[in-house]
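Structure first, then comments.
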Amino acid sequence: MNPSATASEPLPRAVRPRTWLTTKQAPAIVGGLLVVAWLVVLVTHKSQLQPTLLGVDTGALIAAVALSATLTYRGSGVVNFSVAAMAMYASFIFYDLWQFGAIFFPPPFGTLTLVTPPPGSFGSQPPAMGVWWAFVGTLCICAVMGLLFHLLIFRPLRNAPALAKVAASIGLYLVLFAIIQVRFPSSSGYSFPSLLPTGTWSIGGVVVPKDQGILVGMVVVVAAVLWAIFRYTRFGLATRAAAENQRGALILGYNPNLLAMINWVASTVLVGAFGLFLASIQTTIDPYQITLLIVPALAAALVGRFRSFPVVVIVALVFGATQQWILAISVQTWFPSWLTSQGSALQGLPTLIPFLVILAVLFFRGERLPSRGSEAALRMPKASEPRFVLVPMLVILATVIACSFAFDASWRFALEISVIAAVLCASLTVLTGFMGQVSLMQMTIGGVSAFVLSKFADAHHIPFPFGAIIAAGAGMLIGLLAAVPALRIRGVNLAIATLAAGVVIEQFVYFLPIFRTGYSQQSQANVAPPSIFGFKFGPGNWSGWIPDPAFPVFCALVLGLVIWSVVAVRRSRLGRRMLAVRSNERAAAAAGVNVAGTKLIAFAISAFIAGIGGTLFAYSISGVDTTTFSSVNSLLLIAIAYLGGIAVWEGAVISGLLFQAGIFATFLANIVHVNVNYAVYIAGIGLILASINNQEGISGTVRDTLARFGRRATPPAAPTPRVAPAGSQVRPPSPTAVGPD
Amino acid sequence: MSLLEIRGLRVAFGGSLAVDDVDLDVDEGRLIGLIGPNGAGKTTTIDAVTGFVPSTGSVRFKDVELQGRHGRRQRSMPPVRRANLGLARTWQGADLFVDLSVLDNLRVAGERTPDAEHHAILDSLGVGELAAASVQSLSHGQRKLVGVARALAGHPALVCMDEPAAGLDSSESGFLGHRIRAIADGGTAVLLIDHDMGLVLGICDYVYVLDFGKVIARGRPAEIRADQLVLDAYLGKRHAAAQDPDPASEGAAGDGVGQR
């Protein structure tokens, strides 16, 4: 290590003796003690132990997802956000295979071609084949999918920065989710067969269903096998070596790509199998809830540093068990009543636990500034200085006005959604584009603002601009809370933390009494139309015009204001500081830039803009629809923002068109006549492609094309915008995977 | 009273001391050299002075203790406050803000400095015509020069330069030496680290020699040239190491111990 150590002088003596407890070990010990205390409570209170044991099957799936994510990370350096989606996907592959002997293929192999066997080959009635045949078939398909994911997506990204890999995996998440939405539009009504023995075991007066016990046993065995493979076999050693140093492994005769491929296939098959088992035990599967299990799974993987299989499994099983345990203890009298609904705990309450664990782990392990040697070489899209803003903005405004009156109701609604989505994308322009911080909770910030508008501002009759501003301010507070961990963590870890925060908001905060007062249903959170001096411009004020054309115009004016602010930020000292921090935190600090303060301001501005977007969504339907403000829409938002061009204002406008139920989705539905979920599918594919080849998104492509065109048309004198190709070509070779450690 | 006064500075990586009990002074407007073989702890010393690695001992700058009252690292002043106090630095890899133009790089560091002065600084380093250029289009040598210019942009009282001449050819290096001398003569103190013995001994007022984290010699360049310890440690036994032109290897050496 130290070259001077080769000389005969003695090595510098050790100065700090190992203390028995360091600040880094303390959280782990505290966490371990908490788990032990919890186990003691469980064992001594049989009334709590019994229901807790009934929830271990979910824990087993979380453990399988976490193992799979760890395996993928160790094999290829990818923190894969789509693992849980893969589990869900596999169980639907199984369902089709088992029921109809059919396999569905996504585009471009036709518009979701369903390949069915010739009639009569499996008999006329479903199920078409035996469950174990379908099981084996599904795992084979999973293996092929793992292979394809590696070859088509993650192998091209093998030298890309960690965040680009995360972006691709989010794209994959959206793709898998969208395909299932298209193929199985209703989220229930699919009954899965039993694969594992039913019946129960009785151990010391506690009843354990056999299938759940077997599932937990299997996941523990898998973890043990993986641990043994990585510890004792040549394959495991090679994978570990390749993860440390790809080139080094190559020189020693291992092929890192082959290793990554095997790990991808293994992890996909593993998670697919457990997804199937869970579906078979619970006899049904909720595609949305299962994909979100990625949050506790990533939390468990983080605790195990994406390295230790045993730790990962134990933590994941604990997360799974606490879900039912919290429900069990919520009937106690001492349980705070504001955390309950109709006598039992709020459903989303258990999501708090993985979230807090993520925060604790990241906060205690994070470093304030990346230290020498761990430089995260993050390639970000170019945030070119905006040149022409006023004229394009006026053109956009004029277009929106014209279209508001020319379009029919469905298109007008789509226009309005697109304009609002552009506002939300502009929030990512500041945070991700300028500041380089990823947030996977923007839609849920908007949701909080929408609720505050309904439950606070409207309830207290605060007039239009002030109510909306207060609501957006509430969103800003949430954003600032999210920024606190961001001061110590960055990149992939921040993506995990914000996703977890988004899930907590979506599943828990929305259901808190302050947002429920006077209503039993979320959809009854009403919002009065905005008006100034008696002039109303809500969506439903002109008779015969639904939505009211004034509303999209109002949204476009707000968008103009937001874009103007974003441009002003980019041109200001603050914008320069943001870009300085984005490109090099250490150097920025050394140049006198307050890194933490700059990040806080960026989070605040971004969350305020997201809050504005949320209030506009609330106005657009005169209420709060929590399905709009969901975590999967947060993922969709960052996908389309990336796709449109995340670092320039034009990108935000283009991105808005691509949002769910926006102009592009309506184009698909009304003109191409396909399922609107293809919009999500295309956004996902787009994000994957953008993270592989094109960091600048659509706006960058358009700008480059225009510049090339302009240069050809008018010789040198033309003031072509600075689209120096240097940005994309000249970059130092990236270091091997910068892990989330 | 010196501008920068380092007493008993220690930096530990894991179990080993990268910087061991270093005392060092920089007076106003002086050009002080810090040399030593690979892994001697030169960059780590600058990292500690500018607050980028935890350290113990006393670092007084402009009569302000940067390390906290008791030298405990928890109380140590963060890098940004040290920078705003007038303590600037450059980096081995230049570490420019790649998303900004050259001029904007200087503007970030010197927000209150008028643009005319930024242009003057760039001109004085011979990179004036690059003001509007994108950082990504610069050569390695140009990046290093812009890195020096950025460090000067905020009108610091002291600039710590981490191998500004590494990777430059001999004529560029000679030019840079002249400019650094001019910077010091203009009133800005400089603490210069470099591998290039000729450069450091040629322009510095006073030189410290580090080996294994300890100061093994100090004195005027002429005295250092004659010092037997220095010849042994630096030029004699490890002559090959001193000739190593690869700046990255030095960084790796300092980092190898206990970063994880």
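For region B:101-119, the candidate set comprises residues that are outside any helix (DSSP H, G or I) and within 23 Å of the chain's Cα centre (by Cα); within that set, the residue that is farthest from the other protein chains (Cβ to nearest Cβ) is B:113. Tell me which residues, restricted to region B:206-246, are modelled with pLDDT under 85, within 14 Å of chain A (Cβ to nearest Cβ) and buried (at least 20 other Cβ atoms within 10 Å of the Cβ). Selection gives B:233, B:234, B:238, B:241.
Taken as a whole, the structure places residue A:192 among residues that are within 16 Å of residue A:280 (Cα to Cα) and in the same structural domain as residue A:308 (by TED's automatic domain parsing).
All of (1) touching a Pro at 6+ places or on another chain (Cβ under 8 Å); (2) crowded, with 19+ Cβ neighbours inside 10 Å hold for residue A:184 with one exception: (2). Let me confirm something: among A:106, A:127, which residue is within 30 Å of residue A:255 (Cβ to Cβ), modelled with pLDDT under 80 and either outside the structural domain of residue A:210 (by TED's automatic domain parsing) or surrounded by 15 or more Cβ atoms within 10 Å (Cβ to Cβ) (or both)? Exactly one of A:106, A:127 is within 30 Å of residue A:255 (Cβ to Cβ), modelled with pLDDT under 80 and either outside the structural domain of residue A:210 (by TED's automatic domain parsing) or surrounded by 15 or more Cβ atoms within 10 Å (Cβ to Cβ) (or both), namely A:106. I'm trying to understand the selection: among the residues of region A:152-191, which are small (Gly, Ala, Ser) and within 15 Å of the chain's Cα centre (by Cα)? Answer for region A:152-191, where residues must be small (Gly, Ala, Ser) and within 15 Å of the chain's Cα centre (by Cα): A:162, A:164, A:167, A:168, A:169, A:171, A:178. Give the residues of region A:125-152 that are part of a helix (DSSP H, G or I) and of a type in the set (Gly, Ala, Ser), sorted by residue number. Once the filter is applied, which keeps residues that are part of a helix (DSSP H, G or I) and of a type in the set (Gly, Ala, Ser), region A:125-152 yields A:134, A:137, A:143, A:146.
The sole residue among B:134, B:139 that is of a type outside the set (A, V, I, L, M, F, W, C), more than 30 Å from residue B:60 (Cβ to Cβ) and surrounded by 20 or more Cβ atoms within 10 Å (Cβ to Cβ) is B:134. Within region B:16-28, can one find any residue that is under 22 Å from residue B:202 (Cα atoms), among the β-branched types (Val, Ile, Thr), within 14 Å of chain A (Cβ to nearest Cβ) and under 14 Å from the mean Cα position of the chain (by Cα)? No, every residue in region B:16-28 fails to be under 22 Å from residue B:202 (Cα atoms), among the β-branched types (Val, Ile, Thr), within 14 Å of chain A (Cβ to nearest Cβ) and under 14 Å from the mean Cα position of the chain (by Cα).
Evaluating residue A:190 against the criteria (1) touching an Asp or Glu at 6+ places or on another chain (Cβ under 8 Å); (2) modelled with pLDDT under 85 leaves one unmet condition, (1).
Checked against (1) over 30 Å from residue A:457 (Cβ atoms); (2) crowded, with 24+ Cβ neighbours inside 10 Å; (3) more than 7 Å from chain B (Cβ to nearest Cβ), residue A:580 passes all but condition (3). Taking residues in region A:205-226 that are of a type outside the set (D, E, K, R), and partners anywhere that are not in a helix (DSSP H, G or I), the pairs with Cβ atoms closer than 6 Å and at least 6 places apart or on different chains are A:207/A:200; A:208/A:201; A:209/A:200; A:214/A:196. The residues of region B:39-66 that are crowded, with 21+ Cβ neighbours inside 10 Å, of a type outside the set (Ser, Thr, Tyr) and assigned to a loop (DSSP other than H, G, I, E, B), listed by number, are B:39, B:40, B:41, B:51, B:52, B:53, B:66.
Annotation: residue A:590 fulfils all but one of (1) buried (at least 24 other Cβ atoms within 10 Å of the Cβ); (2) away from every other protein chain (no Cβ under 14 Å); the unmet one is (2).
Meeting the requirement of 2 or more residues that are at pLDDT 90 or above, the helices (runs of 4 or more DSSP H) wholly within region A:25-103 are A:56-76, A:83-100.
So that you can scan it fast, the table gives a plain yes or no per residue for (1) touching a Cys at 6+ places or on another chain (Cβ under 8 Å); (2) within 30 Å of residue A:240 (Cβ to Cβ); (3) modelled with pLDDT of 60 or more; (4) outside the structural domain of residue A:429 (by TED's automatic domain parsing):
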{"site": "A:681", "(1), (2), (3), (4)": "no, no, yes, no"}
{"site": "A:688", "(1), (2), (3), (4)": "no, yes, yes, no"}
{"site": "A:696", "(1), (2), (3), (4)": "no, no, yes, no"}
{"site": "A:704", "(1), (2), (3), (4)": "no, no, yes, no"}
{"site": "A:720", "(1), (2), (3), (4)": "no, no, no, yes"}
{"site": "A:725", "(1), (2), (3), (4)": "no, no, no, yes"}
{"site": "A:741", "(1), (2), (3), (4)": "no, yes, no, yes"}
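Entry remark, region B:159-173: residues being touching a residue at least 24 places away in the same chain (Cβ under 8 Å) and over 14 Å from the mean Cα position of the chain (by Cα) number 5 in total.
Would you say residue A:254 is among the hydroxyl-bearing types (Ser, Thr, Tyr) and crowded, with 17+ Cβ neighbours inside 10 Å? Yes. Scan region B:123-143 and tell me whether some residue there is at the interface with chain A (Cβ under 8 Å from one of its Cβ atoms), assigned to a helix (DSSP H, G or I), over 24 Å from residue B:53 (Cβ atoms) and not charged (D, E, K, R). The answer is yes; a qualifying residue exists.
Scanning region B:89-100 for residues that are in contact with a strand residue (DSSP E or B) (Cβ under 6 Å, 6 or more places away or on another chain) and more than 7 Å from every other protein chain (Cβ to nearest Cβ) gives B:90, B:92.
Scanning region B:172-190 turns up no residue that is surrounded by 19 or more Cβ atoms within 10 Å (Cβ to Cβ) and within 14 Å of chain A (Cβ to nearest Cβ). Does residue A:612 meet the test of being more than 21 Å from residue A:494 (Cβ to Cβ), touching a helix residue (DSSP H, G or I) at 6+ places or on another chain (Cβ under 8 Å) and away from chain B (no Cβ under 14 Å)? Against the criterion (more than 21 Å from residue A:494 (Cβ to Cβ), touching a helix residue (DSSP H, G or I) at 6+ places or on another chain (Cβ under 8 Å) and away from chain B (no Cβ under 14 Å)), residue A:612 qualifies.
State yes or no: is residue A:648 touching a helix residue (DSSP H, G or I) at 6+ places or on another chain (Cβ under 7 Å) and free of Cβ contacts under 8 Å to residues at least 24 places away in the same chain? Taking the combined requirement at face value, the residue does not satisfy it.
The values are calculated or read from the model by the stated rules, or taken from the named source; none is laboratory data. For clarity, every value in this text was computed on a predicted model and none was experimentally measured. Virtual Cβ from ideal backbone geometry, glycine too; neighbours counted across all protein chains shown.
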